[in-house]
Amino acid sequence: MTKQNHSSAQTSDQTCGKDRVFIFDTTLRDGEQCPGASMTFEEKLEVADILDALGVDVIEAGFPIASQGDFESVSEVARRVKNASVCGLSRASAKDIDRCAEAVRHGRIPRIHTFISTSPVHMQYKLQMDPEKVLELIASSVSRARNHVEFVEWSAEDGTRTEHDFLCRAVETAINAGATTINIPDTVGYTTPDEYRALFEMVRSRVPNADKAIFSVHCHDDLGLAVANSIAGVQGGARQIECTINGIGERAGNAALEEIVMALRTRADILPFTNGIDAKLLTRASKLVSAVTSFPVQYNKAIVGRNAFAHESGIHQDGMLKNAHTYEIMTPESVGVQKTSLVMGKHSGRHAFKEKLKELGYELGDNELQVAFTRFKDLADRKKIVYDEDIVALVDDEIVSSHERIKVVELTVVAGTKGPQKAALTLDFDGELKTHQATGNGPVDAIFNAIHALAPHDAKLELYQVHAVTEGTDAQAEVTVRLSEEGNVVSGKGADPDTLVASARAYVAALNKIMARRGRERLEAIATV
Ligand code: KIV
Ligand code: ZN
């Protein structure tokens, strides 16, 4: 076991046992940064709420200098989060740091996270700075951040490809300037567990003031090693793990929070580290992040994939019936998966529906509940069996669309062997209904043409994907649409037993995200077309 002095380095009201590992969630920053995963303001607040309920220690809520939208969402997350420390990212410039300080200042425990590259390749080509200049900027940025807040994290971008002597000088400089957390990221997902562990041991033993800060891991998954590397870093003395729900993040993503938490918990016999996460909320958090980003969770994804606790082969099922320990190293309930799958039907009432939602981890307000219940009844009329997965898809769809300014109201499609196929579509633009009829090369094309005519835009369709939520021909379809405009990629999801309605909803959901990015003025222009 490793020892570390947490005294001045961590938030005053967190448990600082020597083997407490702090969970720093960056779903709203590194996660949101990946192409197609952008979230609206309201969606970010929902994610922040579940992260806080989950018990993460730090929520990195965004990059305030990046845009007015990022600034506003970081500020609002800082205001509303009750337990976690809220952090914003900033480069090493005074302007970035001051903006970040302004955004996090209403947080209970505000933190500024400032970074600069330290590897030869980044310093030479990206920064075009010599190492001495980088050291100067580390000192000035960290001390400027410390003038604003008590908790300052400094990151050595591309830390795992940094020369050791320089990395030690950089870390010592940052701690001298007042950094309370030192993050050594594996920015490009290049390291291996043994190497990363040794890196932390090396830095902690060579840097004279290392005991004044908490060390942090931040791993990308380019080689599929992000979780293994993060745990190895902790074994090397790091006591903060940076991760995201479902592992979303730049390129191949970041280390997945749910995998780290369950690995630490399931192998506590050889990984004696504690954290404050309520694992029962992991499934719910995963579903919410998947719904708001429209990034599906792969079926065989560890912990939160829909097959993670499914036993298909006869031998496995036989073993499970005799004793669940034969093939399960953790219980589905421990991560919030409910046992029952078949539950509700058209005779189920409002009360039963509300109870079911509670069981699935949703607490809806009265209005949202009423709308979701109406949609459930409609679904139960059209579909023989309503599974938990159907309810989750329906409610996620409702939560996402309730904040949308453009909504699908009515759709009629003429399809079949004789083209062209036709779609008549009515959209609601902030309360104003508009209808258009379009033709297309297939019904989906006709629908998308109708949307285009009602809401003209330059976004390009990058992806159209359909999958069935459950089995059977009456299963709900879940459609994902990805659009790109001026380098921004957004995704939208829609669910309905009718694949074409789900397609219209998904396209409109993606369009709403583009509108949210562009700002109100353009939306108003479109609505008046
Ligand atoms: O991957 C990385 O290096 C980062 C830093 C900004 C911490 O995300
Ligand atoms: Zn990163």
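Details
- Filtered residue count, segment 50-102, keeping only those that are under 17 Å from T27 (Cβ atoms) and in a helix (DSSP H, G or I): 13
- Subset of segment 188-200 that is more than 15 Å from ligand 1 (Cβ to nearest atom) and among the hydrophobic types (A, V, I, L, M, F, W, C) - its residue that is farthest from H113 (Cα to Cα): A198
- Each residue in segment 141-161 was checked for being touching a residue at least 24 places away in the same chain (Cβ under 8 Å), more than 16 Å from ligand 2 (Cβ to nearest atom) and open to solvent by 60 Å² or more (accessible area, probe 1.4 Å), and 4 of them qualify.
- Test: residue in segment 261-284 that is open to solvent by 10 Å² or more (accessible area, probe 1.4 Å), within 16 Å of ligand 1 (Cβ to nearest atom) and closer than 26 Å to G494 by Cα: no
- Taking segment 231-251 as the range and being under 18 Å from the mean Cα position of the chain (by Cα) and either under 21 Å from R284 (Cβ atoms) or more than 11 Å from ligand 2 (Cβ to nearest atom) (or both) as the test, the residues that pass are I241, C243, T244, I245, N246, G247, I248, G249.
- Odd one out for V227 among (1) closer than 19 Å to S334 by Cβ; (2) within 15 Å of ligand 2 (Cβ to nearest atom); (3) open to solvent by less than 20 Å² (accessible area, probe 1.4 Å): (3)
- Top-ranked residue of segment 14-60 - restricted to ones that are farther than 17 Å from A291 by Cβ and free of Cβ contacts under 8 Å to residues at least 40 places away in the same chain, ranked as surrounded by the fewest Cβ atoms within 10 Å (Cβ to Cβ): K18
- Of everything in segment 341-358 that is part of a strand (DSSP E or B) and open to solvent by 30 Å² or more (accessible area, probe 1.4 Å), the residue that is modelled with the lowest pLDDT is L342.
- Any hit, segment 166-187, residues being away from ligand 1 (no atom under 16 Å from the Cβ), modelled with pLDDT of 95 or more, surrounded by fewer than 22 Cβ atoms within 10 Å (Cβ to Cβ) and farther than 22 Å from I214 by Cβ: no
- Among the residues listed as S67, S75, the single one being assigned by TED's automatic domain parsing to the domain that holds I23 and at pLDDT below 95: S67
- Matching option when the condition is within 12 Å of ligand 1 (Cβ to nearest atom), out of contact with any Leu (no Cβ under 8 Å at 6 or more places or on another chain) and of a type outside the set (V, I, T), among A226, A238: A226
- Candidate set: segment 439-475, residues that are surrounded by 20 or more Cβ atoms within 10 Å (Cβ to Cβ) and in contact with a Lys or Arg (Cβ under 7 Å, 6 or more places away or on another chain); chosen: the one farthest from I406 (Cα to Cα): A446
The values are calculated or read from the model by the stated rules, or taken from the named source; none is laboratory data. Owing to the predicted nature of the structure, the values given are computational and were not obtained by experimental measurement. Every residue, glycine among them, receives a Cβ derived from its backbone with ideal geometry; neighbour counts consider all protein chains shown. We work out accessible area using only protein heavy atoms, side chains counted, and drop any ligands, DNA or RNA first. Shrake-Rupley method; radii C 1.70, N 1.55, O 1.52, S 1.80 Å.
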